[in-house]
Every structure is written in C-alpha cells, then in structure tokens.
Amino acid sequence: MQQATDLNLATSDQLFTRAKDLIPGGVNSPVRAFRAVGGHPVFMKSAQGAWLTDVDGNRYLDFINSWGPMILGHAPQIVLEAVQRALPDSLSFGAPTRREVEMAELICDMVPSVEKVRLVNSGTEATMSAIRVARGYTGRDKILKFEGCYHGHGDSFLISAGSGALTLGTPDSPGVTESVAKDTLTVPYNDLGAVEQAITANPNQIAAIILEPVVGNIGLVPPADGYLQGLRELCTKHGIVFIFDEVMTGFRLARGGAQELFGIQPDMTTLGKIIGGGMPVGAYGGRAEIMDQVAPAGKVYQAGTLSGNPIATAAGMAQLRYLNEHPEVYEQLERTSARLAEGTYEIAAELGLNYTVNRVGSMWSVFFTQQPVTDLASAKTSDLEAFGRYFRAMLNRGVYLAPSQFEALFVSTAVTDDLVDFYLSACRESMREAHGL
Ligand code: PMP
C-alpha cells in the first residue's frame, strides 16, 4: 500500500481558525465543511480548467465544479469575456434589460416545457417561488417531496432533506414551524405506490409534487424505469402541479436537462447555478397558464432587487449559448464520465470491495456499499468511515471529491483522457489505503 504524504494546508488551517470565530462553523454553506470526512476545509484561491489551486499552492483535479455549474471547467474564456464586456455598463440597474429577454428566450428554447420563466438569484429562491405559485394556481396547501431530495433551504423543504442537511444529521431543522412542516408530505424515492397512497390519504389537497428527476443529493440515484412517467400520470389525473427541480440536472444531463433525457414534460421547472455559469442565479418557469399567476401578471407575489443581474446573466448566457450550439459537449461528457465511473467500479471490484457506482451522464457517485442504491435508505447503508478515509486519501493525491458520501460528483469538459488516467491511479491507491489493502 502506497501512503500519500499529508498536504501542507497551513494557510487553509489559519483561515479556518479565523473563520470559526466569525462565521458559523467557519463556512458560508454547510456542505463546505469537512464534518463528515474529518479535518478542516481547504480554502481555494483560483481555478483554471479542471484544476483548483488552494491558498497554500496545492492543486486538485476538481470533481465538484462548484456543485455543478462549471460544465465547461473553470474560468472558460467565453464566459470571462462575456463578463468583461458586461462590466463597464454597470453592475445593476433595478430596471429591465435586453439580456433578461434574451436569457428567457434561450431558456424557453432549450427547455421546451418552459413557456414562461422568471429569473431569481439562487436555486432556493427558485423552488420556494415555484411551490408558492403551484399553491396559488391550485388553491391547495400541501406539497409532496421525496426523502433525501434537497430543494434548497426553504422551510417547506427541510423535511427529510438531502445534501448538507443529511450529512450533518439534521434533516428536520429547528426553526421550521410545525404548521409549515405539516404541509410537506414525504415519501421514499422510486416508490410509486407510496405516492399513490399519499394522494389517496390527502384527497384534493396536494398542490405540487416536486422532485429531483435524477437525485444528486443523497449521492447519485437515477429514477427507476417508468417512475417519472408514473408520477406524470398521477399528477395529471389528480390536478397536481408536477415540478422538476433541475437545479443540478438542467443543461447538464442534456441540452434540455433530465426532462429531455427521459422524455417527460413537467408543469414547472426550477433552475439554478448552471444558468449563471458560476454566478448567483436561479429561475423557475413552466406552462404559461401557471406562470401567469406570478405578479405583476397575476396575484402570486415574488420579487427580487438583483434578479436578472446583468453580470450574472451575461456569464450564464455565454455558457448556455455554448452548450446550445455544441451538442458534442454532451457526447464528450458521457464518454469521460463513463470511463471515470466504470473505472472506479472495476477498481473496487478487483479489490473485492464490490461497491455500487451510479451514474447518469456527467453526474455520478461511488457508494461504499454492495447494495444497489435506489433511495435514501439504501444510500445510508454506505460505510461512511471508509468513505472519509478514501476522501482524505484522494485529497492527498490531488483529487477533490465532494466531502460527503451523500453528494454527487460532477464532470466538466476540461477533464481529458490523461486526467481520467490520473484520477484512476489515485483511486486505486486511495481505495487500498482506505481499506488497508
Ligand atoms: N435544488 C437542488 C436540486 C439543489 O441541488 C440545490 C443546491 N445544490 C438547490 C435546489 C438549492 O440551490 P442554492 O444552493 O443555489 O440555493
């Protein structure tokens, strides 16, 4: 077994010590903390293409990509140039701009189920707004979500939530009132019967069913065959607004997101970080009849001083236009991701570990369990201690993975064949080190 030397993280450690006195837990979003894997978070300084550089000068091959949006890798020239062109025209107006119209046209063109769209500033805002609209449209109060799906930190969604809420073991957050919680129904993912039962038990009360069409927040879990179609039919039959949360899958799994990949038309779609190309943006959209409920066209109120921010919109549009005009990106991502995921599976199998690897397009996970992972309960059978040791072994070898078993990995077009080889050799050594083999 080859043991990698520990990195010099002195500056990161100093910053973390300062941060802990001033910022809760030392981080501005819980998933950045290394709580689940031990040690301190690494503070980043810059990134280019597939590589991150930290404040101590260590370099890492990046498989987080800002949790999804950096599809073209870090600092792509076309995005930087678009931002530079937009900068001299001012950073914000609080009045409409041409770019917002062009962004709306682009989104509606690329995601056919979206006929009208409203820009917001984060994925959380997008999902919070979407369920308000669904409630206003249907006149019903309850929503149904799935165990382990994460839809941002809106009160209604912090019930059986995935991602950081799951990693830190606080899926039901203090501060969410009982009256809010009672309007959120939760059932296991990939279990159509459970959804039918919930609908029967709450007749004409469910405004919306919201889900990640491919779950990324308990690790990567694909929908079972026919599952999305079954949900679509139940929603149509019972007058329920069907919402795809494509904050991570939109424009990543295909030009038109998971809905294009699986051929399903939701009524509403939420989008996030990807349409900002790394800048803070979100959006929600859907059928015109539903979106016309939103103020000032309709009575459902939703607003934002910085919504449609000119710089964020310029960055996002540059990336979206590139994806729109270069379908070969998706073939490249598929090829690279298949090599990464299959290679990882084979390494674990050769070592007798037989771990489960799930992948859809450029999102994937290796679960430290031998069971198929189809929902939250099966994801939780993973050996979290071994995962933590593996994470640290990979970090020491210059590979930056998500610091939790319950997160997906994201591949960018900057990952070349040589970098896949680099990853696979680090993976082999790290799997051995993590398991004492
Ligand atoms: N929905 C999904 C599916 C997400 O994965 C996330 C965050 N990763 C959100 C919503 C919330 O987005 P944000 O962090 O931008 O508020």
With angles folded into 0 to 90 degrees, how steeply does helix 192-201 sit against the dominant principal axis of the chain? Use alpha carbons for both and round to 10. 40
What is the stretch 135-264 by shape, rounded, prolate or oblate, if you read a ≥ b ≥ c off the alpha carbon gyration tensor as root eigenvalues and call it rounded for a/c under 1.5, prolate for a/b larger than b/c, and oblate otherwise? oblate
Can you give the extra length, in nm with one decimal, that the chain gains between Q332 and T236 once fully stretched, where that is 0.36 nm per residue apart less the Cα-Cα distance? 31.0 nm
Given Cβ charges of +1 for Lys and Arg and -1 for Asp and Glu, the option among P174, F410, T200 whose Cα lies farthest towards the positive end of the dipole of the chain is P174
Under the 0.36 nm per residue contour assumption, what length would be gained going from the current alpha-carbon distance of E105 and T381 to full extension? 95.0 nm
Each label sits 7 Å from Cα toward the beta-carbon; between E196 and E325 the label points are separated, in nm, by 4.9
In whole percent, the Cα-Cα distances of the chain spread across 10 Å bins from 0 upward as 5, 22, 32, 27, 13, 2, 0
Positive end of the dipole of the stretch 87-229, charges at C-beta (+1 Lys, Arg; -1 Asp, Glu), about the Cα centre: which of F93, F146, V120 has its Cα farthest in that direction? F93
Between K20 and E289, the two model label points (7 Å from Cα along the beta-carbon direction) sit apart by a distance in nm of 5.7
All lysines inside 25 Å of K20 as judged from Cα atoms, apart from same-chain residues fewer than 8 positions distant: K45
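Between L91 and N354, how high is the FRET efficiency from 1/(1 + (r/R0)^6) when r is the Cβ-Cβ distance and R₀ = 41 Å? Nearest 0.05. Don't skip to the answer; put the middle values down first.
Values: r = 52 Å, r/R0 = 1.28.
After rounding, the FRET efficiency stands at 0.20.
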Kirkwood Rh in Å, taken over the stretch 306-374 so that all alpha-carbon pairs contribute: 14.5
DSSP-defined beta bridges in the chain - what % are antiparallel, rounded to 5: 55
Honestly the stretch 51-180 on the Cα gyration tensor test (a ≥ b ≥ c root eigenvalues; a/c under 1.5 rounded, otherwise a/b vs b/c for prolate or oblate) is just oblate
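Using a simple charge model, +1 on the beta-carbon of Lys and Arg, -1 on the beta-carbon of Asp and Glu, nothing else, what dipole does the chain show about its Cα centre, in debye to the nearest 20?
Roughly 760 debye for the chain.
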Simple Cβ-charge dipole of the stretch 77-325, Lys/Arg +1 and Asp/Glu -1, about Cα centre, in debye nearest 20: 360
Per residue Cα convex hull volume in Å³ - calculated over the stretch 184-322: 130
So the compactness index of the stretch 77-325, its C-alpha Rg divided by 2.2 N^0.38 Å, takes the value 0.98
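Every read-out reported here was derived from the displayed coordinates using simple, explicitly stated rules and does not represent laboratory data. All values derive from a computational prediction rather than experimental measurement. Reconstructed Cβ throughout: ideal geometry from the backbone, glycine too, with neighbour counts over all protein chains shown.
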